[in-house]
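Colleague: Structure incoming, see below.
The values are calculated or read from the model by the stated rules, or taken from the named source; none is laboratory data. Note that the structure is predicted; figures quoted are calculated from it, not measured. As a convention, Cβ positions derive from the backbone with ideal geometry for all residues, glycine included, and neighbour counts pool all protein chains shown. SASA here: full protein model, heavy atoms, side chains in, ligands and nucleic acids out. Shrake-Rupley method; radii C 1.70, N 1.55, O 1.52, S 1.80 Å.
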Amino acid sequence: MSDLTRSGAVGEPVSTGSAGAPSAFLEVRDLRIHFPTEDGIVKSVDGLSFQLERGKTLGIVGESGSGKSVTSLGIMGLHTVGQYGRGKARISGELWLDGKELLTADPDEVRRLRGREMAMIFQDPLSAMHPYYTVGHQIVEAYRVHNDVDKKTARKRAVELLDRVGIPQPDKRVDDYPHQFSGGMRQRAMIAMALVNNPELLIADEPTTALDVTVQAQILDLIRDLQKEFGSAVIIITHDLGVVAELADDILVMYGGRCVERGPAEKVFYEPQHPYTWGLLGSMPRIDRDQTDRLIPVKGSPPSLINVPSGCAFNPRCPYADVPKDGITRTERPELRQVAEGHLSACHMSQEERTRIWTEEIAPKL
Ligand SMILES: Nc1ncnc2c1ncn2[C@@H]1O[C@H](COP(=O)(O)OP(=O)(O)OP(=O)(O)O)[C@@H](O)[C@H]1O
Ligand code: SF4
Ligand SMILES: [Mg+2]
């Protein structure tokens, strides 16, 4: 059982303090990633904690701007690098990967780990692949950075991987440029590039949003198969709870840079304990309903990350903000509390109240 789920009985706030090296493969502790800007400090990630074991998949879900990509770039140590380091990030907390703490590690060490132990698949492969080099060249280079092999051996590896991710005629397509591939094929090629060094942690940031529905399903199946084969830990980031409900072991729901609910996928999906998660479930596309029933977006807009609402950040949009809560004022921020083993929620309502609302008012309408 994880540290976070171990701490505290049901209903008690969960501790995020430092506790030495963890036993989990990946452990994120109280991660904060803030960007000072002219308008104020953007608190993109503000106290996020979670763990992930090898061979397991964590789905991170939340609306646009909730801090999902900033979190993944933070884990990869990319906030200070090239195109991603737009603004200088202030990062605090702890990021443990396989017993090493990455925030205090030598940047060269983090660079070595990137690509070899951890790799990332981006939403838009064109932004991650260089337009002037062939797909094969880019996979070969990604391999040779971490392996002392000649070009011929690396090319053989590139062809093997392109074949493994389902590119037809890989020995020919290896010499194509990214623009000669379709969107789905480019996404497959990027997966091949990410996997070329057998990374133990793979982060897929909205890997399918730019693709049509059939190709989306194929790419998700591919990620699932590859994970079984490679035994990597996978983080899948998406807007769509439906995607991760099937694919993930655990789901973490982010709102305004914080986790509002986390737990085993079936619990978060079938017995969600946070009004924002209910909203996300209500906005999910349903294949068994007609178009008019689909996509009821969560009303209102995501919070400002500079002036985050006091108390519960979801309160301006929450239909239950006025439900009486014993002795708790609106300006108190709800801590993550355990509602069942491994299942945490940050909401002031009592568990009985939330369960009643979910079973009587929300679930029947979904
Ligand atoms: N370098 C930066 N400087 C200032 N603010 C930033 C920077 N990078 C990200 N942000 C802000 O942090 C917030 C979270 O961004 P992030 O990209 O993580 O959202 P997201 O959850 O991935 O959204 P989406 O689903 O649209 O990809 C946004 O408000 C974004 O504008
Ligand atoms: S704490 Fe209050 S405002 Fe926040 S989600 Fe719970 S009921 Fe809604
Ligand atoms: Mg994003």
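Colleague: Please work out if Ile60 is over 24 Å from Arg144 (Cβ atoms), hydrophobic (A, V, I, L, M, F, W, C) and at pLDDT below 95.
Modeller: When the stated conditions are applied, Ile60 does not pass them.
Colleague: What's the number of the condition Ile362 fails, among (1) open to solvent by 80 Å² or more (accessible area, probe 1.4 Å); (2) modelled with pLDDT under 95?
Modeller: (1)
Colleague: Looking at (1) touching an Asp or Glu at 6+ places or on another chain (Cβ under 7 Å); (2) within 15 Å of ligand 1 (Cβ to nearest atom); (3) on the phi < 0 side of the Ramachandran plot, which one does Asp205 not meet, given that it meets all the others?
Modeller: (1)
Colleague: Additional query: Quick check, is Leu226 on the phi < 0 side of the Ramachandran plot, modelled with pLDDT of 90 or more and either aliphatic (A, V, I, L, M) or within 16 Å of the chain's Cα centre (by Cα) (or both)?
Modeller: When the stated conditions are applied, Leu226 does not pass them.
Colleague: Hey, among Asp163, Asp148, which residue is crowded, with 16+ Cβ neighbours inside 10 Å and either acidic (Asp, Glu) or not in a loop (DSSP other than H, G, I, E, B) (or both)?
Modeller: After applying the criteria, what remains is Asp163.
Colleague: Being within 16 Å of ligand 3 (Cβ to nearest atom) and farther than 15 Å from Val28 by Cβ is the filter; apply it to the stretch 254-269 and report the residue that is farthest from the chain's Cα centre (by Cα).
Modeller: Only one residue fits best here, namely Gly256.
Colleague: Restricting attention to strands (runs of 3 or more DSSP E) lying wholly within the stretch 22-130, give those where 1 or more residues are aromatic (Phe, Trp, Tyr) and open to solvent by less than 20 Å² (accessible area, probe 1.4 Å).
Modeller: 40-52
Colleague: Right, next: Find all pairs meeting these conditions: Cβ atoms under 8 angstrom apart; at least six residues apart or on different chains; first residue within the stretch 313-328 and at pLDDT 85 or above and polar (S, T, N, Q); second residue more than 8 Å from ligand 2 (Cβ to nearest atom) and open to solvent by less than 50 Å² (accessible area, probe 1.4 Å).
Modeller: So the pair list comes out as Asn315/Pro309.
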